[in-house]
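Student: Take a look at this one; I'll ask things after.
The values are calculated or read from the model by the stated rules, or taken from the named source; none is laboratory data. Quantities reported herein were computed from a predicted structural model and do not represent experimental measurements. Here the Cβ positions follow ideal geometry from the backbone for every residue, glycine too, while neighbour counts run over all protein chains shown. For the accessible areas, the whole protein counts, side chains as well, though only heavy atoms, and no ligand, DNA or RNA atoms are used. Shrake-Rupley method; radii C 1.70, N 1.55, O 1.52, S 1.80 Å.
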Amino acid sequence: MATYKKRGHKPKTTAEQQGLDQQGSTTAEVFNTLDTSASKTEQWVARNQTYILGIIGIIAVGVLGYLGYQQFIQQPREATASNELFFPMQYFRQAQQDAVQADSLYNLALNGAEGKYGLLDIISEYSGTEAANLATYAAGVSYLNLNQYDEAIDYLEDFKTDEAMLGPVGLGAIGDAFMQLGQTDDALGYYEKAFKHNTNNFTTPVYLHKAGIAAMKLEQFAKAEQYFKRIKEEFPQSSQASGVDALLGMAQKAE
């Protein structure tokens, strides 16, 4: 099949010719404008090249500094802190298992022994590490068991975690400290935070039960009934469910 070249269209009238001339003029103006804008941009870049390179340099230094900090400072610091934490955590775990020597073991955990760091040293020396955060939790629980409730609250409130089990326990421990101080309203608030933090078969019924008891003391019987009912209906296999019918009946009768 033969190929052919399409001939250019010739204007038939003077008006059509003028239209084409005007279109060509407009197109030329657009390209001239683009050229002018590009030229101005190039001139601005040229005038401010030192400033632009400075900004890029600052950003690059910041990124490299952060990466360097993480790799050469923070990560080795985390490893060292974790190694240091091993020693006082041994005393902490022993204290939770040995009621007779618990006080002395908690003190050893807090203050260290044999030239080794205690929990308080790790919190101070390795601030910002996960090991220091865990040491903060352990210190709070230690003070709670030593009946130093204000100190327990201070440390436990500084402990931060999204962990499903440890998070509720930390919040619940603050509630326990407030209960011991006679601040039942504050205790109730933390028990509620504890069971709302994560729903599971272990911590949730524990803190629903404690919240219900606190609500009863505050004569918030409808709230107590709600919490006891949740234990009965949602956690019937928990140890808290065994006596919940009696508590539920007391709450309902008191309303």
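Student: Looking only at segment 142-169, which residues have a backbone nitrogen under 15 Å from a spot 7 Å from the Cα of residue 198 in the C-beta direction?
Tutor: 160-169
Student: Loop-only check: which GluC sites (Glu not before Pro) in segment 204-235 are DSSP coil with at most 14 other Cβ within 10 angstrom?
Tutor: Working: sites: 219, 225, 233, 234; in loops: 219.
Hits after loop and neighbour filter: 219.
Student: Then there is this: Summing +1 for each Lys or Arg and -1 for each Asp or Glu, what net charge is found among the other residues whose Cβ lies under 13 Å from the Cβ of residue 208? Mind dumping the intermediate values first?
Tutor: Values: positive: 193, 196, 210, 223, 229, 230, 232; negative: 192, 225, 233, 234.
That works out to +3.
Student: I've got another one for you. Report residue 213's accessible area, 1.4 Å probe, all protein chains in place, as a number in Å² to the nearest 10.
Tutor: Answer for residue 213: close to 50 Å² accessible.
Student: Also: Cα gyration tensor of segment 181-230, axes a ≥ b ≥ c as square roots of the eigenvalues: rounded (a/c below 1.5), prolate (a/b > b/c) or oblate?
Tutor: Values: a/c = 2.38, a/b = 1.34, b/c = 1.78.
Here segment 181-230 falls in the oblate category.
Student: So, with a 1.4 angstrom probe, what is the percent of accessible area on segment 68-162 that is carbon and sulfur?
Tutor: Here it works out to 44 percent.
Student: Can you give me the accessible area per residue for segment 136-255, using a 1.4 Å probe, in Å²?
Tutor: Working: 5890 Å² over 120 residues.
It amounts to 49 Å² per residue over segment 136-255.
Student: In addition: Find how many whole Å separate the alpha carbon centroid of segment 203-243 from the alpha carbon centroid of segment 79-143.
Tutor: That distance is 33 Å.
Student: Ordered by residue, what ³J(HN,Hα) values in Hz, to whole numbers, does segment 103-109 give under the Karplus form 6.51 cos²θ - 1.76 cosθ + 1.60, where θ = phi - 60° and Gly and Pro are x?
Tutor: After applying 6.51 cos²θ - 1.76 cosθ + 1.60, I find 4, 5, 5, 5, 5, 5, 4 Hz.
Student: In addition: For segment 162-255, give the magnitude of the charge dipole about the Cα centre (Cβ charges: +1 Lys/Arg, -1 Asp/Glu; no others), in debye to the nearest 20. Intermediate results must be reported in sequence, preceding the final value.
Tutor: Working: 9 positive and 12 negative charges, 33 e Å.
Computed charge dipole of segment 162-255: roughly 160 debye.
Student: Here's another thing I want to ask about it. What length, rounded to one decimal in nm, is gained on full extension from residue 146 through to residue 83, with 0.36 nm per residue of separation minus their alpha-carbon distance?
Tutor: So the extension gain works out to 20.1 nm.
Student: With label points built 7 Å along Cα→Cβ from the Cα atoms of residue 255 and residue 239, find their separation and express it in nm.
Tutor: 2.9 nm
Student: Using the structure shown, select from 196/232; 232/253; 160/232; 116/210; 196/229; 193/232 the pairs with a Cα to Cα distance greater than 27 angstrom. Don't skip to the answer; put the middle values down first.
Tutor: Details: 196/232 17 Å; 232/253 17 Å; 160/232 31 Å; 116/210 37 Å; 196/229 16 Å; 193/232 20 Å.
Distance filter (> 27 Å) returns 160/232; 116/210.
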